[in-house]
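Everything below concerns the one structure shown next.
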Amino acid sequence: MTTETGYFITLEGIEGAGKSTVLPYLAEQIHALGYQVERSREPGGGPLGEALRSIFLDPDLQLDVEEELLLLYAGRRNHLRQRILPTLAAGKVLLCDRFEDSTIAYQGGGRGFPLSRIVELSRWAEISRQPDLTFWLDLAPELAAERIRERRPDRLERESIDFFRRAQAAFAARAAEEPQRFYRVDASLPLPQVEMQLRQGLRDRIPAINGKDG
Ligand code: Z5A
């Protein structure tokens, strides 16, 4: 029997879609609904994940997809055990920049690693908790690349535009498969309109959140 009462909310999308920009706003809006909110991210979040993040993103390292997955799932298991589950058990909202959908999109879609083997690894690592609500910031890869053009690219950001097209297609497929969990946001619009969609998404999904509470 679980005593969990909190809610797990994630932000997903290709890089440059605006997740980091809207995360504080979304946290404020959730707080305004009366919840205590903790922010987190992946890769990262837990003590192990944060240590592994710098390795994962290091542009000087050459990692194959299996090595990427082992790093990601070691961090994710630790993040879940030491941070996500305790936060939810305390009745709070855990708002996370990326989670397992990013693995399906990047290592699955982008790198073409078989989904069945990712699912197997996820089971092995005992990733027992999925988000209650996922905001997918949907933005064309060409526009996203334009928005982050000036940045020094990390290891993943050096990939080709086709890689990001495949990742984008994987997010779209995921959102279509799980419409009750995903909330699509048109991230090509100006920021105030993106924020309006996020508010609307929270409003639309509040009955589910309240329902779980009751
Ligand atoms: N990764 C993976 O491969 N597998 C996994 O399982 C997981 C992750 C969990 C994490 O990098 C990398 O790890 C990521 C996937 C991979 N790789 N890539 N590439 P990260 O966490 O460091 O970075 P990110 O998640 O890709 O986020 P980002 O680069 O910071 O992008 P963002 O947060 O989505 O965008 P932003 O920084 O908020 O906005 C980008 C720019 O656009 C910025 O100048 C904003 O001011 C501007 N912006 C934002 N919104 C708008 C609107 N609405 N209009 C105009 N301009 C806007």
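Among the conditions (1) under 25 Å from L71 (Cα atoms); (2) part of a helix (DSSP H, G or I); (3) in contact with a helix residue (DSSP H, G or I) (Cβ under 6 Å, 6 or more places away or on another chain), the only one that L198 does not satisfy is (1). If you go through the stretch 98-109 and pick out every residue that is assigned to a loop (DSSP other than H, G, I, E, B) and either more than 14 Å from the ligand (Cβ to nearest atom) or under 18 Å from P141 (Cα atoms) (or both), you end up with 1.
Considering (1) under 21 Å from L26 (Cβ atoms); (2) without any contact (Cβ under 8 Å) to a residue 40 or more places away in the chain, the lone condition that L115 does not fulfil carries the number (1). Exactly one residue among A144, A105 is under 21 Å from P59 (Cα atoms) and touching a Gly at 6+ places or on another chain (Cβ under 6 Å), and that residue is A144. Of the residues making up the stretch 1-36, just one is over 14 Å from V185 (Cβ atoms), modelled with pLDDT of 95 or more and aliphatic (A, V, I, L, M), namely A27. Going through the stretch 110-142 one residue at a time, which ones are within 11 Å of the ligand (Cβ to nearest atom) and within 10 Å of I14 (Cβ to Cβ)? Answer for the stretch 110-142, where residues must be within 11 Å of the ligand (Cβ to nearest atom) and within 10 Å of I14 (Cβ to Cβ): G110, L137, L139, P141. Is there a residue being hydrophobic (A, V, I, L, M, F, W, C) and crowded, with 22+ Cβ neighbours inside 10 Å anywhere in the stretch 109-117? Looking for residues that are hydrophobic (A, V, I, L, M, F, W, C) and crowded, with 22+ Cβ neighbours inside 10 Å, one finds none in the stretch 109-117, hence no. In the set (1) at pLDDT 95 or above; (2) assigned to a loop (DSSP other than H, G, I, E, B), the condition left unmet by L95 is number (2).
A Cβ distance below 7 Å, combined with a sequence gap of six or more or placement on separate chains, defines the contacts here; from the stretch 33-59, residues that are part of a loop (DSSP other than H, G, I, E, B) reach residues that are surrounded by fewer than 18 Cβ atoms within 10 Å (Cβ to Cβ) and polar (S, T, N, Q) in the pairs G46/Q82.
The values are calculated or read from the model by the stated rules, or taken from the named source; none is laboratory data. All values reported here derive from a predicted model rather than from experimental measurement. Note that each Cβ is placed from the backbone with ideal geometry, even for glycine, and that neighbours are counted across all protein chains shown.
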